[in-house]
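The next block holds one structure in the form of structure tokens; read it before the comments.
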Amino acid sequence: MAPSDSPLLMRDAPQWLARVERAPSPAAQLASTSHWPSFLIGQADRPVRVLLVDEEVSARRAISHELLMDSRICVIGEAGSLLEAKRLLAQQAFDVLILDVGLGGGKGFNLIESVRRHRSSAEVIVHSTLGDEVHVRRAFAAGASGYLLKNAWFQSFTQAVLQVVNGGAAVSPNVIRHLLIRLGSGAPAEPNAARTRIRTLSTREREVLRLVAAGYVTRHIAERLSISGQTVCAHMKNIYRKLQVHTRAHAVTTASGQGML
């Protein structure tokens, strides 16, 4: 394998070592995350494993720098091309993939579907300049759990990673605002034929989905609604079936587009 075609892994990347050396000490990191509840995924002794796939070196550097500052997350590799990405996904076990879907002229969407087929337990967060509704819905339909816009303010990659692995959805405020404005205008988000196939959510299912949209994870939803976590999961299963979706983020955007929230 030629060096230029090899996905970048932590053990093969000297530049990562310098970045790690600039990061806070493990003690400092633990002190900053000691409030993190033990029942949530992502602990210092078992961090969330993240892969970065983006053609822009500067984007990968900025994201990895932020993530490496938190002991709950470990960046285990990165790729800058479609070929490198495919090899990286085949070689590495991971929990979260942060992906620019514009990779390879827009073929990044295929990687989302590949992850869903071969690593169903992993989560995908899209990081893209494409913020229009068509691309956002396409990403969620493919199986993404988050959608972050490049160069957007008020977003945290650390928060996004921890959010999706704990059952939440991560979406840039600008994307949510766009969907809400469209919803408020009364413009249909889906063709009529598609709307007729979607069943109406119950009052409780809407309550659960509103809390998902607000960023709550399963345990916190259960506490707020005074129900068990198992019941929350049962409601989500019904929501998936009714809305014909497979992720919480896709459920939120679909329900919003149908005026159910």
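At-a-glance table
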quantity: Long-range neighbours under 7 Å by Cβ, at least six apart or interchain, first residue in the same structural domain as Arg72 (by TED's automatic domain parsing) within segment 36-48, second of a type in the set (Ser, Thr, Tyr); calculated: Ala44/Thr33; Ala44/Ser71; Pro47/Ser71
quantity: Residue within segment 59-68 that is touching a Leu at 6+ places or on another chain (Cβ under 7 Å) and of a type in the set (Val, Ile, Thr) present; calculated: yes
quantity: Test: residue in segment 34-47 that is assigned to a helix (DSSP H, G or I) and over 17 Å from the mean Cα position of the chain (by Cα); calculated: no
quantity: Tally, over segment 197-229, of residues that are at positive phi and charged (D, E, K, R); calculated: 0
quantity: Residue list for segment 27-54, filter: modelled with pLDDT of 90 or more and touching a strand residue (DSSP E or B) at 6+ places or on another chain (Cβ under 9 Å); calculated: Pro47, Val48, Arg49, Val50, Leu51, Leu52, Val53, Asp54
quantity: Checklist (1) in contact (Cβ under 8 Å) with a residue 60 or more places away in the chain; (2) assigned to a helix (DSSP H, G or I) applied to Met69, failing item; calculated: (2)
quantity: Some residue of segment 92-112 being touching a residue at least 12 places away in the same chain (Cβ under 8 Å) and in contact with a Pro (Cβ under 6 Å, 6 or more places away or on another chain); calculated: no
quantity: Matching residues, segment 137-158, being crowded, with 24+ Cβ neighbours inside 10 Å and either outside the structural domain of Met69 (by TED's automatic domain parsing) or in contact (Cβ under 8 Å) with a residue 60 or more places away in the chain (or both); calculated: Phe140, Ala144, Ser145, Gly146, Tyr147, Phe157
quantity: Single residue of segment 113-141 satisfying the filter (among the small types (Gly, Ala, Ser) and more than 21 Å from Ala93 (Cβ to Cβ)) that is farthest from the chain's Cα centre (by Cα); calculated: Gly131
quantity: Residue list for segment 181-217, filter: modelled with pLDDT under 80, exposed (fewer than 13 other Cβ atoms within 10 Å of the Cβ) and assigned to a helix (DSSP H, G or I); calculated: Ile181, Gly184, Ser185, Asn192, Ala193, Thr196
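The values are calculated or read from the model by the stated rules, or taken from the named source; none is laboratory data. Just so it is clear, the model here is predicted, and its values are computed rather than measured. Neighbour counts are summed over all protein chains in view; Cβ atoms, including those assigned to glycine, are modelled from backbone coordinates with ideal geometry.
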